[in-house]
Every structure is written in structure tokens, then in C-alpha cells.
Amino acid sequence: MVTTLFDELRSGTAPPLMPITVDQLHLMIDSGILHDGDPIELIDGLLVRKDRSARGENLMTHNPRHALLILRLQRLLQVPSESAGWRLRVQLPVILSEFNAPEPDLAVVRGTEEDYADRHPGPVDLVLVIEVSDSSVGTDRATKQRLYATAGVTRYWLVNLPESQVEVYEQPDSTSGRYAQQTIFQPSQTLAWNLSPTQRLEINVTDLFH
């Protein structure tokens, strides 16, 4: 029986891996090894293809329902975010650490577009990150939650397509890599977010998944 490196990794007998850093990832893009805009994320020092497919479909496809939910969220969040003095970014990198540069489907960041002319947003810049998930629900609930919580990102929404629900994670614990508070919003419920003392955003979950 042929033993692969992945088999050795599972059994704990593999040689140490050499992680890729964010700077090395940028060099690979600058040199043309990777193309800027490719659905590639740097997770724990490994290059990972971002999964936008429907459950059971080819990983190279982009699920139309995934795209539709991103457009709906963009429409709902754009104006409230800007009126609060923030900006909405769609499927663009955020730098969480030397070895982690995920590309959340949406991110609300502090400041203006010009603040990110020479860098990507980091943990202190992030007001909210959102992952829209179908076949990637397990990864986004486990690995992505760990990354965002460890980095201290205040608020993480997981839009769960298979179960038609929004999982809201708050109160990050950097030690455990988890969020202390989790609230699940299902159809017929309203997800509310206080952007400021005078501004409140309300999203009808039924309308979101309609």
C-alpha cells in the first residue's frame, strides 16, 4: 500500500512542514506564481482554495446561491456601514497574523478606502467579518472561528446556507480561539446590530434566505 505525505500527517509521522508567510504569499503574487484575485487564502501557513461551491458539487464552481447571498448582504450593509464611518469590503484579504490571510466574503472595516491603499486591514481594523457557507460550513465554524477569535475580531457572522440560519459570534477569547457568545438566528427572526448608540441595523432572516 502506498503511503502519501497526507497519510503521514494524519498519523503524526510526517516531517515538519515549512509554513508560508504573508510576505512570501505577496511575493508569489508579484512574481506571477499566483494571480491576484484568485480564490486562495493563507490559513495556518498553508495555501487553501476558498470553497464557494454548493455541497456535493465541484470545488472549482461558484454556487449561485452563495453569490446571491453576498449581493444581498452587500446591499443591506453598504449604506449603514458608511453612515457609521466604516467601509464594506467584499472578498478581499485581511491580515490576521504572519501566517494567516483569509478572504472573508464580506468585512466591515474602520476608516476610508484610502487607509488601505498600501496595506490590507488587520484585526484592529475589523468591525465585522462574514463568511457565507455551504459546503464549507464545518471549516468556517471551526477553523475560521479560531482564526478570527484568536486575532480578537469583535464580531463574526457565519451565514449557514444548508440550514438557512445566521450564526452570530461575539466576545472573542484569544486563548481558546473561540467566541464566548453564540446566537443563532433562523427564519422568522430578526438579526439586530447596534452600529452606534443612535443607529440600529435589522435584518429579517426570512428575507435574507428567500
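The values are calculated or read from the model by the stated rules, or taken from the named source; none is laboratory data. Everything quoted here is computed from the prediction, not taken from an experiment. Every residue, glycine as well, gets a Cβ built from its backbone with ideal geometry; the counts of neighbours run over all protein chains shown.
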Given (1) modelled with pLDDT of 95 or more; (2) surrounded by 17 or more Cβ atoms within 10 Å (Cβ to Cβ), index of the condition Val124 fails: (2)
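How many of the residues in region 103-112 are part of a loop (DSSP other than H, G, I, E, B), surrounded by fewer than 23 Cβ atoms within 10 Å (Cβ to Cβ) and in contact with an Asp or Glu (Cβ under 6 Å, 6 or more places away or on another chain)?
So in region 103-112, the residues part of a loop (DSSP other than H, G, I, E, B) come out as 103-105, 111-112.
From what is left, the residues that are surrounded by fewer than 23 Cβ atoms within 10 Å (Cβ to Cβ) are 103, 111-112.
Next cut, in contact with an Asp or Glu (Cβ under 6 Å, 6 or more places away or on another chain) only: 103.
Result for region 103-112: 1.
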Qualifying positions in region 146-202 - closer than 30 Å to Phe99 by Cα, of a type in the set (Ser, Thr, Tyr) and more than 16 Å from the chain's Cα centre (by Cα): Ser174, Thr175, Ser176, Thr183
Conditions (1) surrounded by fewer than 21 Cβ atoms within 10 Å (Cβ to Cβ); (2) under 21 Å from Arg178 (Cβ atoms); (3) aromatic (Phe, Trp, Tyr): number failed by Tyr148: (1)
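Would you mention how many residues in region 19-36 are of a type outside the set (Asp, Glu) and either assigned to a helix (DSSP H, G or I) or in contact (Cβ under 8 Å) with a residue 24 or more places away in the chain (or both)?
So in region 19-36, the residues of a type outside the set (Asp, Glu) come out as 19-22, 24-29, 31-35.
Restricting the remaining residues to those that are either assigned to a helix (DSSP H, G or I) or in contact (Cβ under 8 Å) with a residue 24 or more places away in the chain (or both) gives 19-22, 24-29.
Here the count works out to 10.
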Ser135 in contact (Cβ under 8 Å) with a residue 40 or more places away in the chain, over 16 Å from Leu76 (Cβ atoms), of a type in the set (Ser, Thr, Tyr) and in a loop (DSSP other than H, G, I, E, B): yes
Of residues in region 37-75 being surrounded by 14 or more Cβ atoms within 10 Å (Cβ to Cβ) and β-branched (Val, Ile, Thr), the one nearest to Pro93 (Cα to Cα): Ile40
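Can you spot a residue in region 76-84 that is assigned to a strand (DSSP E or B), surrounded by 17 or more Cβ atoms within 10 Å (Cβ to Cβ) and not charged (D, E, K, R)? Walk me through how you get there before you give the answer.
In the first step, residues of region 76-84 are kept if they are assigned to a strand (DSSP E or B); the result is none.
No, the conditions are met nowhere in region 76-84.
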